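Here is the structure we will look at.
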Amino acid sequence: MVESYFRDIYFRTDDGLTLYARDYPGPAPDSPIVLCLHGLSRNSRDFEDLAPLLQGSHRVIVPDQRGRGRSDSDPQIQRYTAQTYILDTLRLLEELAINTFSILGTSMGGLMAMGISAVAPGRLARVVINDIGPVISDRGLDRIKNSVGSKMVFPDWPAAAEHLALVNGVAFPGYAAADWLRFAARACSQQFNQVALDYDPNITVPLSADTSDVSPDDLWAVFETLRDTPLLLIRGALSDLLDPACVAEMQRRHGAMEFLEVPEVGHAPMLDEDGVSDAVIKFLSLPADH
């Protein structure tokens, strides 16, 4: 593991919650900035290996969205929506006086990248989207709805790792016991004499209610706001959330989108697979006009 340093950031949202982020300083005061956004039930620890590598060329900001990690849970569960997370993230950037930045977004974080592009035009330098698109496969969405929050507390770390292997094994068929323990260390935290998944189980309530008024056409329109932004799409070859047909349509609509498929991995690549971190760093380090 690359040695790194980050400072802890706590900031207040407009609706009164205290949220957390990691701030990894870059090699220079004016280093370009990349914002790493995690998936639905994950947290900032998902990027704990990649962030130090990015830190060689970038300042790296990695928030815990509300209800995850070290950020407050929301007593009003109807606010667990992408729109709220986007506003929280923009509030964090305001707190840090950051105007121009790149985004690396995994799953929900990729949808957030599209939304930020729509509401903050001209601020994005480059975007990496990890295994998500405007069309979300029903089979993958159903799997997530059925698994997130289904079991939250375990007697010890091996039990947590065993549960996560059961739920996510289809995405990582090559993982051994040690890999699942590492997966658990990112997804869970020690709470007194138990190990618990590190998110509020209510995060899926708005998702399960299926009350969204956003249509597929709306999501494509949001995606198209990235058409002038350099874009790299990563897909797990076994993904059940991002289908090849959606990838092809994203390529058609963006035109210059770069694409990387990660073999023998499903939703979502951890970005530590062979060659993936190198590809991400190379893409994010290219000059703006490339």
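Bear in mind these aren't lab numbers, they're just calculated from the coordinates by the rules spelled out. A quick note: this is a predicted structure, and the numbers were derived from the prediction, not measured. Don't worry about glycine lacking a Cβ; one is built from the backbone with ideal geometry, like all the others, and counts go over all protein chains shown.
Would you mind ranking His58, His254 so that the residue whose beta carbon has the fewest other beta carbons within 10 Å leads the list?
By the 10 Å Cβ count, ascending: His254, His58.
Once a ≥ b ≥ c are taken as the square roots of the eigenvalues of the Cα gyration tensor of the stretch 152-210, is the result rounded (a/c under 1.5), prolate (a/b larger than b/c) or oblate (a/b not larger than b/c)?
Note, shape of the stretch 152-210 comes out oblate.
Normalising by the residue count of the stretch 114-198, find the relative contact order in percent from Cα pairs under 8 Å and 6+ residues apart.
Relative contact order comes out at 27 percent.
If I take R0 = 30 Å and measure r between the Cβ atoms of Lys145 and Ala221 in this structure, what FRET efficiency does the formula 1/(1 + (r/R0)^6) give, to the nearest 0.05?
Once the sixth-power term is evaluated, E becomes 0.75.
I need to check one value: relative contact order of the stretch 155-290, counting alpha carbon pairs closer than 8 Å and at least 6 residues apart, in percent.
23 percent
Please tell me the relative contact order of the chain in percent, rounded to the nearest whole number, where contacts are Cα pairs under 8 Å and at least six residues apart.
Taking the mean separation of contacting Cα pairs over the length of the chain, I get 19 percent.
Using only DSSP helix segments of four residues or longer, with each worth -39500 (n - 2.57), what per-residue ellipticity at 222 nm results for the chain after dividing by its residue count and rounding to 500?
It lands at -10000 deg cm²/dmol.
Skipping prolines and chain starts, which residues have an amide H placed within reach, meaning under 5 Å, of the one on Val128, given they are 5 or more residues away or on another chain?
Ile103, Leu104, Gly105, Leu232
Evaluate the distance, in nm, between pseudo-label points positioned 7 Å from the Cα of Arg12 and of Ala245 along their respective Cα→Cβ axes.
5.0 nm
So what's the projected area for the chain, the Cα convex hull averaged over all directions, in nm²?
Convex hull of Cα atoms, orientation-averaged projection: 14.2 nm².
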